[in-house]
1. Considering only A149, A225, P186, whose Cα is most displaced toward the positive end of the charge dipole of the range 141-236, charges sitting on Cβ of Lys, Arg (+1) and Asp, Glu (-1)?
2. Quick one: what do you get for the range 60-156 if you divide its Cα Rg by 2.2 N^0.38 Å?
3. Arranged by the count of other C-beta atoms within 10 angstrom, fewest first, what order do S209, S201 take?
4. If we count other beta carbons within 10 Å of each Cβ, what is the order of D4, D168, fewest first?
5. Can you put S135, S72 in order of Cβ neighbours within 10 angstrom, beginning with the fewest?
6. Which whole-number percentage describes the relative contact order of the chain, with Cα contacts under 8 Å and a sequence gap of 6 or more?
7. Would you kindly derive the ³J(HN,Hα) couplings of the range 26-32 from the backbone phi angles with the Karplus curve 6.51 cos²θ - 1.76 cosθ + 1.60 (θ = phi - 60°), listing them in order in whole Hz, with x for Gly and Pro?
8. Hey, any idea what the orientation-averaged projected area of the convex hull of the range 1-68's Cα atoms comes to, in nm²?
Amino acid sequence: MPNDALVLHAETLWASPYVFSSWVALHEKGLRFDVREVSLVDLENRSSSYREQTLTAKVPALEHGDFVVAESSAIAEYLEDAFLPPSHPRLLPRDARQRARARQLMAWLRSDLGVLRTERPTVTMFFTPATVPLSAAGEAEAAELLRVAERLVPPRGGPLFGAWSLPDAELAFMLHRLILNGHEVPPRVRTWAEDEWERPSAQSFVRHSRPAACPERYWDMPANAGAARPWSIPGR
Ligand SMILES: N[C@@H](CCC(=O)N[C@@H](CS)C(=O)NCC(=O)O)C(=O)O
């Protein structure tokens, strides 16, 4: 495998769950990498050069020499294949069935829980907590997330799949949409998620410098078109 420099293309608010995944993956693999920030509110990812480079114009993207790949799950798989255990720690479980369960969880966290993600966007985790209650559909998705977490978190805590793997961080991130917005989370799951959040790879993302406030233009981004704000507006 070529020994080329690694560059993570991240976004400027440092609030993307997908950038979080790739950031944690790079840290856990023990890799040195540079960061290029792409401003989504300025539509920099839609520029012809970024589109050309990344194919799908999404953040995160990982550059490794002359190769660029986007999609956080593809980035995790690439890092696992290019920086093999045991020289580099694993991102996914060794056992085939546990690895399948880990991939199931990662895919579900990306494809499901859409109402929860809309009503508890990550800007409520890193800028200002939500003040608008969850809708019935949001509550139902929160309950489903907690049901899955209660099934997966071991009775005495610790990694989901025997040894730490990337879905531990991703599930903890999703649970923090509830925790940081004051929702009731069963103590065992809450303690597990908070312990996972303290891991240095996660904390280095949580503590990364970011703007003081969520820019108003965030709500003009195509992905947020029509999304209701999670904050009530005084006087309305
Ligand atoms: N499934 C993708 C999702 C990536 C994604 O949606 N990234 C957002 C930022 S959180 C983005 O690039 N938005 C800009 C756009 O869609 O134009 C992944 O796992 O990486």
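Each value in this text was obtained by applying a stated rule to the coordinates, not by laboratory testing. Because the structure is a prediction, the values reported are computed rather than measured. Don't worry about glycine lacking a Cβ; one is built from the backbone with ideal geometry, like all the others, and counts go over all protein chains shown.
1. Most positive-ward Cα: A225.
2. Working: Rg = 17.0 Å, N = 97, 2.2 N^0.38 = 12.5 Å.
Against the compact-globule rule of thumb, the ratio is 1.36.
3. Values: S209 5, S201 18.
Lowest to highest Cβ neighbour count: S209, S201.
4. Numbers: D4 11, D168 26.
Placing the least packed residue first, the sequence is D4, D168.
5. Working: S135 14, S72 27.
By the 10 Å Cβ count, ascending, the order reads S135, S72.
6. Working: 295 pairs, mean separation 54.7, N = 236.
Contact order relative to length: 23 percent.
7. Result, ordered by residue: 4, 5, 5, 6, x, 9, 8 Hz.
8. Numbers: hull surface 18.3 nm².
Averaging across all directions leaves 4.6 nm² for the Cα convex hull.
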